[in-house]
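Inspection log for the structure reproduced underneath, given as structure tokens.
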Amino acid sequence: MTHPALKMNHILENRHLLRDMFLETRDQTLQLCVDLEPEDMVIQAMEDTSPTRWHLAHTTWFFEEFILGPSMQGFQPYHEKYQFLFNSYYESVGEKWERPQRGLLSRPTVNEINAYRRATDECMINFMETVSDDDWHRVAPLIELGLHHEKQHQ
């Protein structure tokens, strides 16, 4: 049996494995939503929870904010307000839309958030395939962290 740390080192060394994990995790999130209608995804049942569409956008924001923005040359955020809307508890990143109010937002729509996810996923795949080896060793653990973060939101 392979020790988990050795397995993760192998994954971090192998861009294709981490890319496949990225795609699998992102797809799994969407699969969990397949039976939901857009109206189901905007409901905030209580102040301590967030609407499904917010989770879809927040997990996407993580990759944009912590990986693409600081590491991808020429990267431009998808939308200027998403940093504020989808930041959660990352005080050092900036201000955030408060959790109890997330269900009051009518925009962005579920379709707009899905477009945001697709665009960010495309940037992430391009980045993972083209980033230098030196930068890869720096960002691969952040990508792994982002995947664990998304699994928590699942």
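Here, each number is a calculation from the coordinates, and none is a lab measurement. In this text, all values refer to a predicted model and were calculated from it rather than measured experimentally. All Cβ positions, even for glycine, are placed from backbone atoms using ideal geometry, and neighbour counts span all protein chains on display.
With R₀ fixed at 30 Å, the C-beta to C-beta distance from residue 153 to residue 133 puts the FRET efficiency at about 0.50. With contacts taken as Cα pairs under 8 Å and at least 6 residues apart, the chain reaches a relative contact order of 34 percent. GNM on the chain, alpha-carbon springs under 10 angstrom: the most fluctuating residue among 124, 72, 46 is 46.
Computed over the chain, the per-residue total of -39500 (n - 2.57) for DSSP H runs of n ≥ 4 gives a 222 nm mean residue ellipticity of -18500 deg cm²/dmol, rounded to 500. Which label marks the calculated value of mean projected area of the Cα convex hull in nm², given the options [x] 12.3; [y] 10.0; [z] 9.4? Correct label is [y]. With the alpha-carbon atoms of segment 20-81 aligned to their principal axes, the span from lowest to highest coordinate is 39, 29, 19 Å, starting with the largest. Loop-located chymotrypsin sites (Phe, Trp or Tyr not before Pro) across segment 51-92 with a Cβ neighbour count of 14 or fewer within 10 Å are 75, 89, 90, with loop assigned by DSSP.
The label point for residue 80 and the one for residue 49, both projected 7 Å from the Cα toward the Cβ, are 3.5 nm apart.
Taken about its Cα centre, the chain carries a charge dipole of about 60 debye when Lys and Arg each add +1 at the Cβ and Asp and Glu each add -1 at the Cβ.
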